[in-house]
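K.L.:
After the structure tokens below, expect a handful of questions from me.
The values are calculated or read from the model by the stated rules, or taken from the named source; none is laboratory data. Treat the numbers as computed from the prediction; the structure is a model and nothing was measured. Backbone-built Cβ (ideal geometry, glycine too); neighbour counts: all protein chains shown.
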């Protein structure tokens, strides 16, 4: 049976071959464009979160996510410029502000901030996995695989912090008809 590590090794080895650099196909362009837009918009959301929270643990998680989004966004911008792909328009960067000066009716709670980051992280993971599986060019697939692993690693620490604080939103449990009672 093939392990995940063998599969990753085989995939990365395949990426190192001397494949011809065909132009990006429309799906690869769309995947790159959407992921860059996701990273840029997540950056804005994180800046808003940093302007809203006073909690040190939340700030730390947001700062980690911000660095990751900026780094991944930079990689995609450089790649897309090289390939001649236009970059998506995104929201304006937010200036730093005092979290205590944000009116309560506008200010996001730490719970809301972290759940928003959780949703954006989950969306990024799904997007990376889908894009990697649909990429024909190995360099595009490798770019998405690298981002996928980074997002999954961050998502694990985010989930642990959210679980510790009781912030994870859990859907109702499903009990199928006829399910034996658990002891």
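K.L.:
Looking at this structure, is residue 121 touching a residue at least 24 places away in the same chain (Cβ under 8 Å) and either assigned to a helix (DSSP H, G or I) or over 27 Å from residue 57 (Cβ atoms) (or both)? Explain how you work it out, then say what you get.
P.N.:
Details: touching a residue at least 24 places away in the same chain (Cβ under 8 Å): yes; either assigned to a helix (DSSP H, G or I) or over 27 Å from residue 57 (Cβ atoms) (or both): yes.
For residue 121, the condition - touching a residue at least 24 places away in the same chain (Cβ under 8 Å) and either assigned to a helix (DSSP H, G or I) or over 27 Å from residue 57 (Cβ atoms) (or both) - is met.
K.L.:
Could you please give the count of residues in the stretch 64-90 that are modelled with pLDDT under 95 and closer than 16 Å to residue 142 by Cβ?
P.N.:
Residues that pass the stated criteria total 0.
K.L.:
Applying the selection to the stretch 146-183, what residues are assigned to a helix (DSSP H, G or I) and either loosely packed, with under 14 Cβ neighbours inside 10 Å or over 12 Å from the mean Cα position of the chain (by Cα) (or both)?
P.N.:
So the first thing to find is which residues in the stretch 146-183 are assigned to a helix (DSSP H, G or I), and the list is 146-165.
Once the filter is applied, which keeps residues that are assigned to a helix (DSSP H, G or I) and either loosely packed, with under 14 Cβ neighbours inside 10 Å or over 12 Å from the mean Cα position of the chain (by Cα) (or both), the stretch 146-183 yields 149, 153, 156, 157, 159, 160, 161, 162, 163, 164, 165.
K.L.:
Checking the structure you have, find out if any residue of the stretch 129-144 is surrounded by 13 or more Cβ atoms within 10 Å (Cβ to Cβ), out of contact with any strand residue (DSSP E or B) (no Cβ under 6 Å at 6 or more places or on another chain), free of Cβ contacts under 8 Å to residues at least 40 places away in the same chain and closer than 23 Å to residue 77 by Cα. Break it down into steps so the answer makes sense when it comes.
P.N.:
Going residue by residue through the stretch 129-144, those that are surrounded by 13 or more Cβ atoms within 10 Å (Cβ to Cβ) are 129-132, 134-135, 137-144.
Still in the running and out of contact with any strand residue (DSSP E or B) (no Cβ under 6 Å at 6 or more places or on another chain): 129-132, 134-135, 137-144.
The next check asks that each one be free of Cβ contacts under 8 Å to residues at least 40 places away in the same chain; those that pass are 129, 132.
Filter once more, so that each one left must be closer than 23 Å to residue 77 by Cα: 129, 132.
Yes - at least one qualifying residue is present in the stretch 129-144.
K.L.:
Moving on to the next point. Of the residues 102, 125, which is at negative phi and crowded, with 16+ Cβ neighbours inside 10 Å?
P.N.:
Values: 102 fails: crowded, with 16+ Cβ neighbours inside 10 Å.
Result: 125 is the single residue among 102, 125 that is at negative phi and crowded, with 16+ Cβ neighbours inside 10 Å.
K.L.:
Still on this model: Take the residues in the stretch 72-99 that are in a helix (DSSP H, G or I) and free of Cβ contacts under 8 Å to residues at least 24 places away in the same chain, then tell me which one is surrounded by the fewest Cβ atoms within 10 Å (Cβ to Cβ).
P.N.:
Just the residues of the stretch 72-99 that are in a helix (DSSP H, G or I), to begin with: 72-83, 99.
Filter once more, keeping what is free of Cβ contacts under 8 Å to residues at least 24 places away in the same chain: 74, 78, 81-82.
Details: 74: 12, 78: 10, 81: 11, 82: 8.
My answer is 82.
K.L.:
Now, a different point. Which number in (1) at pLDDT below 95; (2) in contact with a helix residue (DSSP H, G or I) (Cβ under 6 Å, 6 or more places away or on another chain); (3) under 17 Å from residue 68 (Cα atoms) marks the one condition that residue 93 misses?
P.N.:
(2)
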